[in-house]
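What follows is a structure written as structure tokens; I'll ask about it next.
The values are calculated or read from the model by the stated rules, or taken from the named source; none is laboratory data. Note that the structure is predicted; figures quoted are calculated from it, not measured. Note that we place each Cβ from the backbone using ideal geometry, even for glycine, and neighbour counts take in every protein chain shown. These area figures cover heavy atoms from the full protein model, side chains too; ligands, DNA and RNA do not enter into them. Shrake-Rupley method; radii C 1.70, N 1.55, O 1.52, S 1.80 Å.
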Amino acid sequence: MKTRSFTHTINPFCAVIPGQVIGAVGVGRVVDSRHPDFKTGDLVSGWLSWAEYTIVTDYQLLQKLDVNMGFPLSYYAGGVLGHAGLAAYGGLFKVCKPKKGEKVFVSAASGSVGNLVGQYAKLFGCYVVGCAGTKEKVDLLKETIGFDAAFNYKEETNFNAALQRYFPEGIDIYFDNVGGEMLEAAVQNMNLFGRIAVCGMISEYTDTQKKAKPDIVQVIYKRIKIEGFLAIDLNDIYPEFVSTTVQYLQTDKLKVIEDMSYGVESIPSAFVDIFRGNNIGKKVVKIAED
């Protein structure tokens, strides 16, 4: 992927500021380099930008790719072998520490992280239920990805009652990608010593009225662990994540769900689609064929 922009320092954690370059995780080919570790022609992944060319001054934001395994480059562009995969794997195994047979609930389960969380949990031996926003996504979770059950949250008038229906014996692990009322309902249905990994708050990003207010009394008496995290916090398990995930991919145990758009001009609409829930799986924009 080539990206066009000319002098900027990419900050992966800054807000989007009108008129300034927008950073994003991507894959690119080096066309010129002043650094001895990166040569012309190298494929790299890391923080690039919404453009056809990017000048990167912080080389720690990049890593060279080993493409000998034959996986599509999109897998490394924040996908199954990138930030989404690491967040899913590390959030489940490092933050939540599942035990075989435990009951796992995943929100935004058809998204880039959620669908992988459910697959990792199933492969580990857990019971997994996910929620999503359309019948198409719910069917995908149950029939293609292999969740034990799934439901359309837009058809539920009472999230607490819905979770009681799908988890009559309670939830051991909740992987939260949405926040809001779903987080509140999950806390009500957690078992003793339940664990909640807070990976995202998609329902709250564009609606300031949807701030979650979980019942802290429940948190105390059930001894629930709630932990927020970022993918960068999980670098210590990166080799384990890659080794396990590559093995699953090579043996067809892990399904990769991608939603592809094409051309730099499609980036803004692709970004907006994420907040509207229009994507299924990892949203990827392909800018160049090479």
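Run the numbers on the chain and let me know its relative contact order in percent, using alpha-carbon pairs under 8 Å that are six or more apart.
Reported relative contact order: 16 percent.
Setting aside same-chain residues fewer than 8 positions from Lys135, which aspartates and glutamates have a Cα under 14 Å from its Cα?
By straight Cα distance, Lys135 reaches Glu143, Glu155, Glu156.
Need the full-extension length gain, Glu289 to Val67, defined as separation in residues times 0.36 nm minus the C-alpha distance. One decimal, nm.
Roughly 78.4 nm would be gained on extension.
Dividing the alpha-carbon Rg of the stretch 83-232 by 2.2 N^0.38 Å yields what?
Rounded to two decimals, the normalised Rg is 0.93.
Same structure, new question: Among Ala149, Phe71, Pro36, whose Cα projects farthest towards the positive end of the dipole of the chain, with charges put on the beta-carbon of Lys, Arg (+1) and Asp, Glu (-1)?
Of the options given, the answer is Ala149.
Quick check on packing: order 172-183, 93-104, 70-81 by the mean number of other C-beta atoms within 10 Å, highest mean leading.
Averaged packing, sorted descending, gives the order 172-183, 70-81, 93-104.
Also, quick follow-up: Arranged from highest to lowest average of other beta-carbon atoms within 10 Å per residue, in what order do the peptides 129-135, 161-167 appear?
Put in order of decreasing packing, that is 129-135, 161-167.
Provide the three semi-axes, in whole Å and in decreasing order, of the ellipsoid equivalent to the chain as defined by the square roots of 5 times the Cα gyration tensor eigenvalues.
34, 20, 18
Now for a different question. Before anything else, pin down the relative contact order of the stretch 76-171: Cα pairs under 8 Å, at least 6 apart, normalised by residue count, whole percent.
22 percent
Keeping all protein chains in place, calculate the accessible area per residue for the chain (probe 1.4 angstrom), answer in Å².
For the chain, the solvent-accessible area averages 50 Å² per residue.
Probe radius 1.4 Å, ligands and nucleic acids ignored: give me the carbon and sulfur share of the accessible area of the chain as a rounded percent.
53 percent
Relative to the compact-globule scaling 2.2 N^0.38 Å, provide the ratio for the alpha-carbon radius of gyration of the stretch 93-161.
That works out to 1.06 for the stretch 93-161.
I would also like to ask the following. What net charge is computed for the residues neighbouring Lys103, neighbours being all others with C-beta under 11 Å from the C-beta of Lys103, Lys and Arg scored +1, Asp and Glu -1?
-3
Turning to a different aspect of this structure: Which loop trypsin sites (Lys or Arg not before Pro) in the stretch 17-60, with loop taken from DSSP, have no more than 11 other Cβ atoms within 10 angstrom of their Cβ?
Of the trypsin sites (Lys or Arg not before Pro), the ones in loops of the stretch 17-60 whose Cβ has at most 11 other Cβ atoms within 10 Å are Arg34, Lys39.
Could you pull out every residue, at least 5 positions away or on a different chain, whose amide H is within less than 5 Å of the one on Asp259? Hs are placed 1.01 Å off N in the peptide plane, and Pro or chain starts have none.
Lys282, Lys283, Val284
Counting only other residues whose beta carbon sits under 12 Å from that of Phe124, what net charge do I get with K and R as +1, D and E as -1?
Residues near Phe124 contribute +4 overall.
Looking at the chain, what % of its DSSP beta bridges pair antiparallel, to the nearest 5?
Antiparallel: roughly 30 percent of the beta bridges in the chain.
Residue separation times 0.36 nm, minus the C-alpha to C-alpha distance between Glu169 and Lys99: what's the value?
Extra length available between Glu169 and Lys99 comes to 23.6 nm.
Which aspartates and glutamates have a Cα lying under 17 Å from the Cα of Lys286, excluding residues fewer than 8 positions away in the same chain?
Answer for Lys286, where 17 Å is the Cα cut-off: Glu52, Glu258, Asp259, Glu265, Asp273, listed by chain and number.
Moving on to the next point. Relative contact order, percent, of the stretch 83-232 when contacts are C-alpha pairs under 8 Å separated by at least 6 residues?
Reported as a whole number, the value is 22 percent.
Between their Cα atoms, which of Lys39/Lys282; Lys142/Lys255; Lys99/Lys225; Lys103/Lys222; Lys97/Lys222; Lys94/Lys282 are more than 20 Å away from each other?
Lys39/Lys282; Lys94/Lys282
Once amide H atoms are built 1.01 Å from N in the peptide plane, which residues 5 or more positions from Gly228, or in another chain, come under 5 Å H to H?
Val198
Okay, moving on. How about the stretch 240-282: which trypsin sites (Lys or Arg not before Pro) there lie in a loop by DSSP and see at most 15 other Cβ atoms within 10 Å?
Lys253
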